[in-house]
Amino acid sequence: MGLVDSFQAVVLVERHLFALIDNDPGNEEPFARIPGNSAFLVHEDSVVVASDLEDQLARVRVEVWDSVPGRPVGEGFRAIGEVASVSFESGRIQLVNLMREPAGDEAVLTSPGPYRVRVWAGPQEEDAQEELEAYRFFKRFVIQLSP
């Protein structure tokens, strides 16, 4: 028991927002409702996350567990928002930016859910190798899904 699957991607955070969505094209607009700063909101088969940095490249890892997950590995992660319940009816999920452009590959879940979702945010970090000043600072996020 424990971690079943995970995937990660770099997501462009625009106007503080990005989302993990059910990739069914018939789904409603995931950003129709938005959470407060440094929180997340479950809405229409999606998890919308608000960062305190406005325009950045977030490094996001999605973890699928078969038991209750613990704190992510790494320094300084803090839980944001309250644990919520989400279902992904198609079983296909993907990280997207505000314009619904995909970040990374689509992942396939073993079942549509429901899942308990937890979101963790790491401290702000700097990538000295990043050439664009606007993207020099970034945050890490971990989205955990469990039964």
Only residues that are hydrophobic (A, V, I, L, M, F, W, C), in a loop (DSSP other than H, G, I, E, B) and farther than 18 Å from PHE40 by Cα: list them for the stretch 63-89, please. VAL68, VAL73
Among residues of the stretch 50-62 being part of a strand (DSSP E or B) and open to solvent by 50 Å² or more (accessible area, probe 1.4 Å), the residue farthest from ALA107 (Cα to Cα) is ARG59
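Out of LEU98, LEU53, I need the residue that is touching a residue at least 60 places away in the same chain (Cβ under 8 Å) and in contact with a helix residue (DSSP H, G or I) (Cβ under 9 Å, 6 or more places away or on another chain). Which one? Steps first, answer last, please.
Numbers: LEU53 fails: in contact with a helix residue (DSSP H, G or I) (Cβ under 9 Å, 6 or more places away or on another chain).
Residue meeting the stated conditions: LEU98.
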Scan the stretch 123-134 and report the pairs whose first residue is farther than 20 Å from GLU75 by Cβ and whose second residue is exposed (fewer than 10 other Cβ atoms within 10 Å of the Cβ), with Cβ atoms within less than 7 Å and a gap of 6+ or a chain change. none
Inside the stretch 2-26, can you point out the residues that are crowded, with 16+ Cβ neighbours inside 10 Å, on the phi < 0 side of the Ramachandran plot and not in a strand (DSSP E or B)? ASN23
How many residues does the stretch 63-95 contain that are open to solvent by 50 Å² or more (accessible area, probe 1.4 Å), touching a residue at least 24 places away in the same chain (Cβ under 8 Å) and either among the aromatic types (Phe, Trp, Tyr) or over 21 Å from GLU126 (Cβ atoms) (or both)? 9
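The values are calculated or read from the model by the stated rules, or taken from the named source; none is laboratory data. The shown structure was predicted, so the numbers you read here are calculated from the model rather than taken from an experiment. Please note: Cβ atoms are built from the backbone with ideal geometry, for glycine as well, and neighbour counts cover all protein chains shown. The area values use the complete protein model at the heavy-atom level, side chains included, leaving out ligands, DNA and RNA. Shrake-Rupley method; radii C 1.70, N 1.55, O 1.52, S 1.80 Å.
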